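K.L.:
Could you have a look at this structure, given as structure tokens, before my questions?
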Amino acid sequence: DRTADGDHDRLLSVLLHGDAAFAGQGVVAETLNLSQLRGYRTGGTVHIVVNNQVGFTTAPESSRSSVYATDVARMVQAPIFHVNGDDPEAVVRVARLAYEFRQEFNKDVVVDMVCYRRRGHNEADDPSLTQPLMYNLIDAKRSTRKLYTEALIGRGDISVEEAEAALRDYQEQLERVFTETRDAMAHPHEMSHPEPAEFPAVVDTAISDATVDRIVATQVEMPEGFIVHPRLALQLARRAHSVQDGTIDWATGEMLAFGSLLMEGRSVRLAGQDSRRGTFGQRHAVIVDRVTGEEHTPLKYLAERENRQFFFVYDSLLSEYAAMGFEYGYSVARPEVLVLWEAQFGDFADGAQTIIDEFITSGEQKWGQLSGVTLLLPHGYEGQGPDHSSARIERYLQMCAQDNMTVAMPSTPASYFHLLRWQARAPHHKPLVVFTPKSMLRLKAAASSRTDFTEGTFRPVIGDSTVPAGGVRRILVCTGKIYYDLLAERLRSGRTDVAIVRLERLAPLPVEELSAALAAFPSDAELVYVQEEPANQGAWPFVVLNLPTLDGRALRRVSRPAAATTAVGTHKVHEREQAEIVATAFA
């Protein structure tokens, strides 16, 4: 239902819940906590709880600790209307009250419709086996329709004949729909779909020098009287200087991607845990005046406001399930916007596994529902323990099939820049999972030059032209941070017979591009896949499944041994393991 709200329409949000689900599912509490936060407000939701007083076969005393199933809504002071489901007119009055409250105050409201489930949870279930006392009462109870019909006739509102005619009409409608559905299933017809765009498509993602300069200027040109913290001012000045001296870091590369998209008329929405500052203090998309606390978002001034293109960046509550679900829905509703959700550590996305499994990876195949949501998951083995190391690359790759999404692990700021622009500009609308770095954010060896942004496009494979191709006896294939560990060892040892090839995109696996990169070296060179993750994790299981051989050559693995956890718990052991991986790769 749409209602006039000044010069624009407001969409009414209604959610249906079961009583056991409303009390028991944590996403309900998370969503209520989102309801009044900047960046997540929807104008209020009308929650209708169909309270059957049983969850499948579980009684209320086993379903919740609260008196009412709806008590969780008290956390946001939402009005809760308890209404007798056997009184249709009372239900209508309460529904109108709830609607009017929502329209007036733009806040959530709950209708708890207390009723019962006459039949079992499914056609094979006999509820009297588990709730005999309840179902003795229900079996003896007249239906809501009969009770209301008798009340209407008793009041003289309708006659017996009118009631019988209404019942016949309703039954005829049910029979007609049943017949139509049965006939349709007996004679299925093919759905027509538009011809899908080539995936992954090749897209021009380079930007001009003038665009670079204009974006960089926003980092040093502050509003009049705006006082930046001295340490942050120094960081912003270094960011601007890095564009000139060719030491562009990850935060600057991301800034150039977002800024250039805004200048092209595309909105960007970034939300997540500490996303405004940046998970590791690098982004600072929103700057706060040190004296007044006033906020300034430099990239917002690049947006073409007359076209209503904006840069939205929000710190989310410490939620994964509801927060990621919100961004998924936003990307479905607004396909023209680059929508990104960022975890503080990639491991934190574990809390949203339901959203990933049921929606992000499979929504297109199940419902034809297209989403371009981008997940930014910090991943990297720096010795911070098993809960701050791995974004679980293997999980996402295991769910990749039928071109359902893109999974990438860029190794340079420029590669990340081109990837983000590719995601926004590509003709297809599919999810993107990016394993972003941790220590590489500050690694000078990982910096990019200005021309890396003004030329080229996203490359799924980066070959190696820094060693004499003819003398190469071993080719190391890797992804992410470990490339720089391998590069440092090669420089230290002076080895020129080892090439290092980087996989920037893992799914769809760039087989042709990888074969082309390997073709630059002798055909008898040994192929070794090197990863930091344990053997049963990371990209290796996916790579070896899809690349059992390359031009007749088998891949050999160098990694940590298979493990139940993602990483060891002490930094000292981590360093020893990391050194062993690098040494083995060159042994």
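K.L.:
Starting from 0 in steps of 10 Å, tell me what percent of the Cα-Cα pairs of region 368-437 lands in each bin.
P.N.:
Calculated P(r), rounded to whole percents: 18, 48, 28, 6, 0.
K.L.:
What list of ³J(HN,Hα) values in whole Hz, one per residue of region 433-447 in order, does the Karplus curve 6.51 cos²θ - 1.76 cosθ + 1.60 (θ = phi - 60°) give from phi, with Gly and Pro shown as x?
P.N.:
Karplus values, whole Hz, x for Gly and Pro: 10, 10, 8, 8, x, 10, 5, 5, 4, 10, 7, 5, 5, 8, 6.
K.L.:
Do the sum for the chain: with -39,500 (n - 2.57) for every DSSP H run of n ≥ 4, divided by all residues, what is the mean residue ellipticity at 222 nm, to the nearest 500 deg cm²/dmol?
P.N.:
-10500 deg cm²/dmol
K.L.:
Still on this model: What length, rounded to one decimal in nm, is gained on full extension from Tyr148 through to Phe310, with 0.36 nm per residue of separation minus their alpha-carbon distance?
P.N.:
53.1 nm
K.L.:
Sticking with this one: How high is the FRET efficiency from Ala583 to Ala201, r the C-beta distance, R0 41 Å, rounded to 0.05?
P.N.:
Once the sixth-power term is evaluated, E becomes 0.50.
K.L.:
What fraction of the DSSP beta bridges in the chain is antiparallel, stated in percent and rounded to the nearest 5?
P.N.:
20 percent
K.L.:
Can you figure out the FRET efficiency of Val511 with Ala165, using R₀ = 56 Å and their beta-carbon distance, to the nearest 0.05?
P.N.:
FRET efficiency, Val511 to Ala165: 0.25.
K.L.:
Indicate the gyration tensor shape class of region 420-520 (rounded, prolate or oblate), computed on the Cα atoms with a ≥ b ≥ c the square roots of the eigenvalues: a/c under 1.5 is rounded; otherwise a/b larger than b/c is prolate and the rest oblate.
P.N.:
prolate
K.L.:
Continuing with this model, one more query. Where does helix 321-333 land angle-wise versus the long Cα axis of the chain, in degrees 0 to 90, nearest 10?
P.N.:
Its long axis makes an angle of about 90 degrees.
K.L.:
Got a sec to turn the phi values of region 406-420 into Karplus ³J(HN,Hα) couplings, 6.51 cos²θ - 1.76 cosθ + 1.60 with θ = phi - 60°, whole Hz, x for Gly and Pro?
P.N.:
Residue by residue, region 406-420 yields 10, 10, 9, 9, x, 10, 9, x, 5, 4, 4, 4, 5, 5, 5 Hz.
K.L.:
If you count only protein heavy atoms with a 1.4 Å probe, what accessible area per residue comes out for the chain, rounded to a whole Å²?
P.N.:
I get 49 Å² per residue for the chain.
K.L.:
Return the tail of the calculated pair distribution for region 466-587, meaning the percent of Cα-Cα pairs more than 18 Å apart.
P.N.:
Distances greater than 18 Å cover 51 percent of the Cα pairs.
K.L.:
Oh, and also: For region 147-233, what does the alpha-carbon gyration tensor say about shape, rounded, prolate or oblate, given a ≥ b ≥ c as the root eigenvalues, a/c under 1.5 as rounded, and a/b over b/c as prolate?
P.N.:
Cα axes put region 147-233 in the oblate bin.
K.L.:
Another question, then. Which percent of the accessible area of region 462-514 is formed by carbon and sulfur heavy atoms (probe 1.4 angstrom)?
P.N.:
The nonpolar share, carbon plus sulfur, comes to 51 percent.
K.L.:
Once label points are set 7 Å from the Cα along Cα→Cβ at both Thr179 and Glu575, what is their separation, rounded to one decimal in nm?
P.N.:
8.2 nm
K.L.:
In debye, nearest 20: dipole of region 274-381 around its Cα centre with unit charges on the Cβ of K, R (+) and D, E (-)?
P.N.:
300 debye
K.L.:
Name the long-range amide H neighbours of Ser13: under 5 Å, sequence gap of 5 or more, or other chain; modelled H, no Pro or chain starts.
P.N.:
Val46
K.L.:
Let me ask something else about it. Under a crude label model (7 Å from the Cα following the beta-carbon direction), how far is Ala124 from Gln398 in nanometres?
P.N.:
2.7 nm
K.L.:
Follow-up. Give, as a single signed number, the net charge of other residues whose beta carbon lies under 13 Å from the beta carbon of Ala488, with Lys and Arg counted +1 and Asp and Glu -1.
P.N.:
Summing Lys and Arg as +1 and Asp and Glu as -1 gives +3.
K.L.:
Another question, then. Using r as the Cβ-Cβ distance of Thr42 and Asp524, and R0 as 56 Å, what FRET efficiency do you calculate, to the nearest 0.05?
P.N.:
0.35
K.L.:
With θ set to phi - 60° and the Karplus curve 6.51 cos²θ - 1.76 cosθ + 1.60, what are the ³J(HN,Hα) couplings of region 348-358 in order, to the nearest whole Hz, using x for Gly and Pro?
P.N.:
5, 5, 3, x, 10, 4, 4, 4, 5, 5, 8
K.L.:
Here's another thing I want to ask about it. Taking amide H positions as placed in the peptide plane 1.01 Å from N, state which residues far from Phe81 in sequence (5 or more) or on other chains have amide H under 5 Å from it.
P.N.:
Residues meeting the criterion, in which the H sits 1.01 Å from N, are Val110, Val111, Asp112.
K.L.:
Something else: So who's got an amide H within less than 5 Å of the one on Glu294, skipping anything under 5 residues away but keeping other chains? H placed 1.01 Å off N, in plane.
P.N.:
Result for Glu294 returns Asp289.
K.L.:
Still on this model: What accessible area, in Å² to the nearest ten, does a 1.4 Å probe give for Lys107?
P.N.:
Estimated to the nearest 10 Å², Lys107 gives 100 Å².
K.L.:
Same structure, new question: Quick one: ranking Lys430, Lys300 by accessible area, 1.4 Å probe, largest first, what do you get?
P.N.:
Lys300, Lys430
K.L.:
Let me ask another. Quick check: residue separation of Glu89 and Ala554 times 0.36 nm, minus the Cα distance between them. What number comes out in nm?
P.N.:
160.1 nm
K.L.:
Kindly express, to the nearest 10 degrees and within the range 0 to 90, the angle between helix 160-186's C-alpha long axis and the longest C-alpha principal axis of the chain.
P.N.:
So the helix axis and the longest Cα principal axis differ by about 30 degrees.
K.L.:
Order Val14, Val582 by their accessible area, 1.4 angstrom probe, all chains in place, largest first.
P.N.:
Result, largest first: Val14, Val582.
K.L.:
Run the 1.4 Å probe and let me know the accessible area of Thr58, rounded to the nearest 10 Å².
P.N.:
50 Å²
K.L.:
Another question, then. Carbon-plus-sulfur fraction of the accessible area of region 51-193, 1.4 Å probe, in percent?
P.N.:
Carbon and sulfur: 55 percent of the exposed surface of region 51-193.
K.L.:
Any idea of Met399's accessible area? Nearest 10 Å², probe 1.4 Å.
P.N.:
Estimated to the nearest 10 Å², Met399 gives 50 Å².
The values are calculated or read from the model by the stated rules, or taken from the named source; none is laboratory data. Because the structure is predicted, anything quoted here is derived from the model rather than measured. All Cβ positions, glycine included, derive from the backbone under ideal geometry; neighbour counts span all protein chains shown. Only protein heavy atoms, including side chains, enter the accessible area calculation; ligands, DNA and RNA are left aside. Shrake-Rupley method; radii C 1.70, N 1.55, O 1.52, S 1.80 Å.
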